[in-house]
Amino acid sequence: MFWKKTFAFLAIFVLVSIFLGLATPDLSSAQTVPTMAPTTVVPPPEEPVPTPKSKGAPLYCVKAPLSKEVEVELSLLRFPETRNKDIWGGVINPPGTACDEAVELVCKIPVRYLPQRSQLNYWREALEVRQYVKGVVDDSQSCRPKKVYFELTWYERWVHDKMPERFGFFWFNPNKKEWQSCEDVSFEPEVGKYGRISCSTLEWGYFTLGWKPPKNK
């Protein structure tokens, strides 16, 4: 009987000890501050804002109404974003160039945008010369010849004088899809810093300076 009571007492003591062990908090863990992930998130760097130059420089153009009474000249500057007033190229329209009321648009066009560009070697970008009648492009020949011109750089003038076989004034014929030499070219050596070369023409479209590469035999 004594052993039964003793065994029962020990069993109760063990159960109570186990219960107290489960209920008592782990003091070592309770005193430890858990490490938490930082709540401040560093934002990613901002995406670069593309500028017009990073997308490709916008076309440089000028425009004006053509007149039946007075001469109209549209010119492009060599360095339009500076105070430099050197002329790059342009068009001189005598009175009555346009057969009807029209606006002329003159733009500098990068070589990569030119039609059939593989037909020429280029000294510079091209001029695109267009007339708009009632807001629509009109490629009909002008009623009077206009002078499309370029003012030369030092190097272009050197090539013009020393290597004339590699220097020409060309117009793109859209019907033949071909760059053709201008038939009426004049050179004014005293105009501008290094001279001005002009093409007198009734046509509209693309004009540039360059030369035709030799054909492969």
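The values are calculated or read from the model by the stated rules, or taken from the named source; none is laboratory data. Because the structure is predicted, anything quoted here is derived from the model rather than measured. Here the Cβ positions follow ideal geometry from the backbone for every residue, glycine too, while neighbour counts run over all protein chains shown.
Name the one entry in P95, P80 that is modelled with pLDDT of 95 or more and part of a loop (DSSP other than H, G, I, E, B).
Numbers: P80 fails: modelled with pLDDT of 95 or more.
Matching residue, one of P95, P80: P95.
Being surrounded by 15 or more Cβ atoms within 10 Å (Cβ to Cβ), of a type in the set (A, V, I, L, M) and touching a Gly at 6+ places or on another chain (Cβ under 7 Å) narrows it down to one of L114, L77, L120, so name that one.
Details: L114 fails: touching a Gly at 6+ places or on another chain (Cβ under 7 Å); L77 fails: touching a Gly at 6+ places or on another chain (Cβ under 7 Å).
Sole residue among the options that is surrounded by 15 or more Cβ atoms within 10 Å (Cβ to Cβ), of a type in the set (A, V, I, L, M) and touching a Gly at 6+ places or on another chain (Cβ under 7 Å): L120.
When you look at V16, is it surrounded by fewer than 10 Cβ atoms within 10 Å (Cβ to Cβ) and at pLDDT below 90, yes or no? Can you show your working first?
Details: surrounded by fewer than 10 Cβ atoms within 10 Å (Cβ to Cβ): no; at pLDDT below 90: yes.
When the stated conditions are applied, V16 does not pass them.
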